[in-house]
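To start, the structure itself, in structure tokens.
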Amino acid sequence: MHIEPGMLAQAKILFASVSASGVLAAHAIGLFRQPALILRTVLAAVFFSLFMQSFHLPVGPSELHFVGAMPIYLTLGFVPTLLGFGLGLLVQGLLFEPADLLHLGVNTLSLAVPLMVLHHTVGKRIRTLSIANILRLDAIYYTGVTVMVGLWLSVGEVATPLTAWGTFAASYLAIVAIEPVLTFITVKLLQRYADRPAMRVCFALAGRA
């Protein structure tokens, strides 16, 4: 889901950076009201970074990543996941891929906007944890991610064939097929210990606020 340096004009990068900063700042306000969210945000950033570094493969005009969006979202909650994406991308840029810092705002929006749409529509309404429901969440989320990447490519300075974007989008079918099983196992395992104080602080197994 990365947009490589040189693809976008400076004005569009600036717009994305300002927009991403606004989105993250607006949601970060909640951290002061619920200190537990700070720990969950850090955990989300750590897990996200580990997932991203565990598997990434150049595909077409972008990269296929194991994002781990649903395991993080369903165990840590919406706000920590959203903020964790931004923090995780920043840490990865500082430690592993300094060139990605140029498009930090762009890549953050590519992950954050689909998550916001998902959470405020389908995410809030799902009450029963099942592989079918997780598959539905994954399909909606990663469709959003690939659409966001397509949007950036469509306004880019370098022409990108539609077939190249299609190859990239199709590659995420593998993630949609694998991630629901991992998510289901992870959530069920954590729920066994949900009554422990440390688990209640670290994870949001009862809700996704």
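What length, rounded to one decimal in nm, is gained on full extension from residue 56 through to residue 117, with 0.36 nm per residue of separation minus their alpha-carbon distance?
Values: separation 61, 0.36 × 61 = 21.96 nm, distance 2.47 nm.
So the extension gain works out to 19.5 nm.
So which trypsin sites (Lys or Arg not before Pro) in region 118-209 pass both tests, a DSSP loop state and at most 16 other Cβ atoms within 10 Å of the Cβ?
In loop regions of region 118-209 (DSSP not H, G, I, E or B), the sparsely surrounded trypsin sites (Lys or Arg not before Pro) are 124, 125, 127, 192.
Residue 77's amide H: which non-local residues (gap 5+, or another chain) put their own amide H closer than 5 Å, with H modeled 1.01 Å from N in plane and none for Pro or chain starts?
Placed amide hydrogens put 204 under 5 Å from residue 77.
Let a ≥ b ≥ c be the square roots of the eigenvalues of the Cα gyration tensor of region 1-49; is it rounded (a/c under 1.5), or, if not, prolate (a/b larger than b/c) or oblate? Mind dumping the intermediate values first?
Numbers: a/c = 6.04, a/b = 1.80, b/c = 3.36.
Taking the square roots of the gyration eigenvalues as a ≥ b ≥ c, region 1-49 is oblate.
Tell me, what is the FRET efficiency for residue 155 and residue 32 to the nearest 0.05, using R0 = 25 angstrom and their Cβ-Cβ distance as r? Please list the in-between numbers first.
On the way: r = 36 Å, r/R0 = 1.42.
Efficiency, rounded to the nearest 0.05: 0.10.
Under a GNM of the chain (C-alpha, springs under 10 Å), which listed residue has the highest mean-square fluctuation: 32, 47, 184?
Of the options given, 32 has the highest mean-square fluctuation.
Please give the contour-minus-distance gain from residue 132 to residue 95: 0.36 nm per residue of separation, less the Cα-Cα distance, rounded to one decimal in nm. Before the final figure, lay out the partial values.
Values: separation 37, 0.36 × 37 = 13.32 nm, distance 3.66 nm.
Fully extending the segment from residue 132 to residue 95 adds 9.7 nm.
What are the ³J(HN,Hα) values, in whole Hz, obtained from phi via the Karplus relation 6.51 cos²θ - 1.76 cosθ + 1.60 with θ = phi - 60°, for each residue of region 107-112 in sequence order, with x given for Gly and Pro?
5, 5, 4, 4, 8, 6
Using a 1.4 angstrom probe on the protein heavy atoms only, line up 85, 51, 96 by accessible area, largest first. Let's see the in-between values first.
Working: 85 0, 51 50, 96 110 Å².
From most exposed to least exposed: 96, 51, 85.
Quick check: residue separation of residue 15 and residue 173 times 0.36 nm, minus the Cα distance between them. What number comes out in nm?
Separation in residues times 0.36 nm, less the Cα-Cα distance, equals 53.9 nm.
What are the residues whose amide H is under 5 Å from the amide H of residue 55, where those residues sit 5 or more places off or on another chain and H is modelled from the backbone?
66
Quick one: compute the contact order of the chain, relative version, from alpha carbon pairs under 8 angstrom and 6+ residues apart, as a percent. Present the calculation step by step, with values, prior to reporting the outcome.
Numbers: 265 pairs, mean separation 66.7, N = 209.
It comes to 32 percent, rounded to a whole number.
The values are calculated or read from the model by the stated rules, or taken from the named source; none is laboratory data. Small disclaimer: the values here were computed from a predicted structure and weren't measured. Methodologically, a virtual Cβ is constructed for each residue, glycine included, from the backbone with ideal geometry; neighbour enumeration extends over all protein chains shown. Surface accessibility is based on the protein's heavy atoms, side chains included, excluding ligands, DNA and RNA. Shrake-Rupley method; radii C 1.70, N 1.55, O 1.52, S 1.80 Å.
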